[in-house]
Amino acid sequence: MKKWIFLCAIALAVTACNKREFTIEGRVTDADGQILYLESLASGQPEVLESVALDKEGSFKFTQEAPQYPEFYQLRLNGSLVHFAIDSTETLTFSARATDFADGYELTGSDECTKMRIVTDESGKLKKRINELSRAIESKSSQVDSLRQQAVQALAEYKKKMFNLVLENPASATSYYIVFQEINGDKIFDPYNAEDRKLIAAVATGFDMRYPESPRSKQLKEMTLAAMASDWAEKQEIPDIEAETASYIDVELYDQLGRKQTLAEQVENNKVVLLSFTAYQTEYSPAYNMKLAELYKRYKSRGLEIYQISFDADEQAWKVAADNLPWVCVHDPQTVYSSYASMYNVKTLPTCFVIDKNDGVVKRIEKVGEIESAIPSRL
């Protein structure tokens, strides 16, 4: 019995030592009797974790379990908010006055929080400037064009600063925070804007590589892919390739070793070619390629080849992944602006086409489960 109790005590001690926690502590002056809240933003809506009634000194200390992935929190006092991020076991020190809680605070102990403060300040300046110009536009009709140009310039300067911050570390909490900054309810970076999407895609790729299981990584990927699909759909000028015995459009791109690979050559040398449009840095990709690998192993000897086009923004990551695949893998550097995607009217990923050597395109497939049934009859 004593041995069992001793072992339990050791287990509890080990668990306590391994528990990852973060602490935020400090003072809020001139806040006697007011309630300070620590809230988590992990679920999208603020969730109260702790609260304290401040006294004359205004001292407080909150300690919580550290998140597995970078996560966002906020301090709330009378409707005023201060956002910060936690990505490890940290101790942050906070000081502010109740009268200018959200603007005059100091937060130390984390480089990431320092960078987030820069973003918050720059976003605040931009919002103030845009609101000033909007009011001026309403009252000075003779200067509308000039005022609008000033607004465009202010936005462009802000975005340039944010791009530079993201380039320092696309997988940082600050980069994620930048993506979702807003002015009067409208996001500053719009995934449906081609230039803005470059920044968002960089952050999505960075998070996916460093934190593949994080819900925020999945959110960024889904948002980016949805915008890409919409962009492709809007640019379609060539009729959908669906007719039986339709010919095919040749593709000429380079594989991971820098060799030029043409679709026409593969069609000429094989009975059936599965033309696959995909992106490797997506949630579906591992399972999708495993399914293709099963089919390739089963039907390669009977005349099947796969010609797979990647639209990944990160070419180096694509090369690493493609190096392990046995079929023809090529990369389209135009990514979302791919002319081949437009020619084949690709609206969703993954999409593939079954190309018969004699009959051309015989089937368009957007559901992975339909691929296998479409191949054997053509071999």
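The values are calculated or read from the model by the stated rules, or taken from the named source; none is laboratory data. Here the structure is a predicted model, which is why all the values come from computation and not from measurement. Here Cβ is always computed from backbone atoms with ideal geometry, including for glycine, and neighbour counts include all displayed protein chains. Areas reflect the complete protein model, heavy atoms only, side chains present, ligands, DNA and RNA absent. Shrake-Rupley method; radii C 1.70, N 1.55, O 1.52, S 1.80 Å.
If you go through region 330-379, how many residues are of a type outside the set (K, R) and either crowded, with 20+ Cβ neighbours inside 10 Å or in contact with a strand residue (DSSP E or B) (Cβ under 7 Å, 6 or more places away or on another chain) (or both)? The number of residues fulfilling the criteria is 26.
Note on region 45-91: residues that are closer than 21 Å to S172 by Cα and among the charged types (D, E, K, R) total 4. Within region 173-201, the set of residues being surrounded by fewer than 20 Cβ atoms within 10 Å (Cβ to Cβ), aromatic (F, W, Y) and in contact with a helix residue (DSSP H, G or I) (Cβ under 9 Å, 6 or more places away or on another chain) comprises just one member, Y192. Looking at A204, is it surrounded by 18 or more Cβ atoms within 10 Å (Cβ to Cβ), at pLDDT below 90 and within 24 Å of Q74 (Cβ to Cβ)? Yes: the conditions hold for A204. Among residues belonging to region 245-255 that are open to solvent by 40 Å² or more (accessible area, probe 1.4 Å) and closer than 22 Å to P350 by Cβ, point out the one that is modelled with the lowest pLDDT. Only one residue tops the list, namely Y248. The set of residues in region 288-305 that are in contact (Cβ under 8 Å) with a residue 24 or more places away in the chain, in a helix (DSSP H, G or I) and either in contact with a strand residue (DSSP E or B) (Cβ under 7 Å, 6 or more places away or on another chain) or not charged (D, E, K, R) (or both) comprises Y288, N289, L292, A293, L295, Y296, Y299. Being open to solvent by less than 70 Å² (accessible area, probe 1.4 Å), in contact with a strand residue (DSSP E or B) (Cβ under 6 Å, 6 or more places away or on another chain) and part of a loop (DSSP other than H, G, I, E, B) is a property that A31 lacks.
Among the residues of region 266-286, those identified as open to solvent by less than 70 Å² (accessible area, probe 1.4 Å) and assigned to a helix (DSSP H, G or I) are Q266, V267, S285.
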